[in-house]
Amino acid sequence: MSTEAPDQTSRPTGAAIRLTQFAAGGGCACKVPPGELEAIVRDLPGSRAGGDLLVGLDDGDDAAAVRIDPAPDGTGRAVIATADFFTPVVDDPYEWGRIAAANALSDVYAMGGTPVVAVNLLGWPRDRIPFELAAEVLRGGGEVCSEAGAYLAGGHSIDDPEPKYGLAVTGLGDPDRLLRNDAARPGIPLTLTKPLGLGVLNNRHKATGEWFAEAVAVMTTLNREASVFAVGAGLRAATDVTGFGLLGHLFKMCRASGVTAVVDAAAVPYVDGARRSLAEGFVPGGSRRNLDWVRPHVGAGSGIDEDELLLLADAQTSGGLLVAGEVPGHPVVGELVPAQEHAIVVR
């Protein structure tokens, strides 16, 4: 876990208009708090898994999954559908487009699927920000979709007081090999495929204009390789770590699977400068709300202070996969054990 100064190299040009200043929040930190969201979607009609709806709203999974083309033996394919969009997380429009696209595609990877096609979701304050910058946002999203091997075709745009961008993504997966929140079992290690701390660095960028090249590189990296490995290795449970932080997304997995996760705080990686930025007060409101929501379900060992818990609850944008199982090249940050008093134990 690094305490080095933030990496401010390789700042792109063309960011004279600070997009982050046109939005109250930024990135996945602007999500509706998890407790409030669960309360309003709990009883939506037709949202619970059953029949060909393999994954619905039951367990807080990253996308919906529906079985199609059923074969006589019960196999077939599953359509995986998701949508994700947010206000600017960085000032550079092209990089924001790349980050938003990688983040939306991640929901399909987190379910063990392959993205096939996406459509743009764009809100733009045309009277305040030149519309030419929207073209750069769309260009960034298109390049990431091309990297993922997914078509980007059309979409929808509105005139909006705040700039917003993301994708609705459709993918395919094997219905019997989906990565799910309810499939975690005791005795399995937990792997995290990207470092944390993106929320505090994005918050610092919004406040100061400082550019953090490592954070941008992390957010624009696809979760494809880890997803492909997990499915090929027969792993069954995973989620991506985004707006609800590692603790929030891990809690959903533990609750759905009826297990407890023991997190080794010293093993969790962080983007350079995250701890320093936290100490200097750059904490997103979404990260604090995440911790407030999950705190009753977390047992903290001696030496685990409030700052450590805030970093573990930090609202990530386009974060990594949290996989029940080992993924080569990525750190094991804990293990799953039989259910205990707390859903998560941090030591």
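The values are calculated or read from the model by the stated rules, or taken from the named source; none is laboratory data. Being a predicted model, the structure only gives us computed values, none of them experimental. Neighbour counts are summed over all protein chains in view; Cβ atoms, including those assigned to glycine, are modelled from backbone coordinates with ideal geometry.
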What pairs come up if the first residue lies in the range 297-326 and is on the phi > 0 side of the Ramachandran plot, the second is in a loop (DSSP other than H, G, I, E, B) and surrounded by fewer than 24 Cβ atoms within 10 Å (Cβ to Cβ), and their beta carbons are under 7 Å apart, counting only those six or more places apart or on different chains? G325/I188; G325/A233; G325/L235
For the range 214-232 the number of residues that are part of a helix (DSSP H, G or I) and closer than 25 Å to G285 by Cβ is 5
How many of the residues in the range 132-160 are over 21 Å from the mean Cα position of the chain (by Cα) and either modelled with pLDDT under 95 or among the aliphatic types (A, V, I, L, M) (or both)? 6
Subset tally (residues that are assigned to a loop (DSSP other than H, G, I, E, B), of a type outside the set (A, V, I, L, M, F, W, C) and either over 19 Å from the mean Cα position of the chain (by Cα) or surrounded by fewer than 16 Cβ atoms within 10 Å (Cβ to Cβ) (or both)) for the range 182-210: 5
In the range 44-71, anything modelled with pLDDT of 70 or more, farther than 19 Å from D240 by Cβ and of a type outside the set (A, V, I, L, M, F, W, C) is listed as R48, G50, G51, D52, R67, D69, P70
Scanning the range 240-259 residue by residue, those within 15 Å of L321 (Cα to Cα) and outside any helix (DSSP H, G or I) turn out to be D240, V241, T242, G243, F244
Can you run down the residue pairs with Cβ atoms below 9 Å, 6 or more apart or on separate chains, where the first is in the range 159-183 and under 16 Å from D107 (Cβ atoms) and the partner is among the β-branched types (V, I, T) and assigned to a loop (DSSP other than H, G, I, E, B)? Y165/T87
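Could you please find all residues in the range 260-274 being buried (at least 23 other Cβ atoms within 10 Å of the Cβ) and assigned to a strand (DSSP E or B)?
A261, V263, listed by residue number.
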Got a number for residues in the range 236-262 being closer than 15 Å to H330 by Cα and either more than 19 Å from the chain's Cα centre (by Cα) or of a type in the set (A, V, I, L, M) (or both)? 2
Among (1) under 29 Å from A104 (Cα atoms); (2) of a type in the set (A, V, I, L, M); (3) surrounded by fewer than 17 Cβ atoms within 10 Å (Cβ to Cβ), A324 falls short only on (3)
What do you reckon, is V116 touching a Gly at 6+ places or on another chain (Cβ under 8 Å), modelled with pLDDT of 90 or more, crowded, with 24+ Cβ neighbours inside 10 Å and more than 16 Å from R139 (Cα to Cα)? no
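Residue by residue, here is whether (1) in contact with a helix residue (DSSP H, G or I) (Cβ under 8 Å, 6 or more places away or on another chain); (2) within 20 Å of A184 (Cα to Cα); (3) not in a loop (DSSP other than H, G, I, E, B) holds:
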| residue | (1), (2), (3) |
| --- | --- |
| E308 | yes, no, yes |
| V323 | yes, yes, yes |
| E326 | no, yes, no |
| H330 | yes, yes, no |
| E341 | no, yes, no |
Do any residues in the range 244-259 that are charged (D, E, K, R) have Cβ atoms under 7 Å from those of residues that are surrounded by fewer than 22 Cβ atoms within 10 Å (Cβ to Cβ), where the two are at least six apart or on different chains, and which pairs are they? K252/D59; K252/G60
